[in-house]
1. Going residue by residue through segment 92-107, is there one that turns out to be closer than 24 Å to residue 37 by Cα, in contact (Cβ under 8 Å) with a residue 24 or more places away in the chain and either outside the structural domain of residue 53 (by TED's automatic domain parsing) or touching a helix residue (DSSP H, G or I) at 6+ places or on another chain (Cβ under 8 Å) (or both)?
2. Tally up the residues in segment 31-56 that are away from the ligand (no atom under 16 Å from the Cβ) and out of contact with any strand residue (DSSP E or B) (no Cβ under 8 Å at 6 or more places or on another chain), please.
Ligand SMILES: [Zn+2]
């Protein structure tokens, strides 16, 4: 089974199986769960979300797709147009994965925050406490 890439502007209401729909304009991708359960999987694209690349053999989506909220609990990676099944996670692994994601996101935004703004805030705070 191979996953085919389809560029779209808007996500179609009905998705075809084995197609990864990508809207670069709205920075989102969607596909039907690879297990065949028919659930729509939406994956936002961005530096702290999923990243999508396309190669000669097909699209890749990273990190893995985990349908933890769905009955099938599928976990797989789409790489070079192929579905690679990954281990099922236990509930605690899911929680840990989420925490890690959250930490990575916080770090990313902390790095991007302009230092001058922090400094300005600090100066402002200091000014508040200075005894005049
Ligand atoms: Zn499924």
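The values are calculated or read from the model by the stated rules, or taken from the named source; none is laboratory data. All values reported here derive from a predicted model rather than from experimental measurement. So basically every Cβ, Gly included, is an ideal-geometry build from the backbone, and we count neighbours across all protein chains shown.
1. Scanning segment 92-107, I find at least one residue that is closer than 24 Å to residue 37 by Cα, in contact (Cβ under 8 Å) with a residue 24 or more places away in the chain and either outside the structural domain of residue 53 (by TED's automatic domain parsing) or touching a helix residue (DSSP H, G or I) at 6+ places or on another chain (Cβ under 8 Å) (or both), so the answer is yes.
2. Our first condition is that a residue be away from the ligand (no atom under 16 Å from the Cβ); within segment 31-56, this holds for 44-56.
Pick out the ones that are also out of contact with any strand residue (DSSP E or B) (no Cβ under 8 Å at 6 or more places or on another chain) and you get 46-48, 55-56.
Count: 5.
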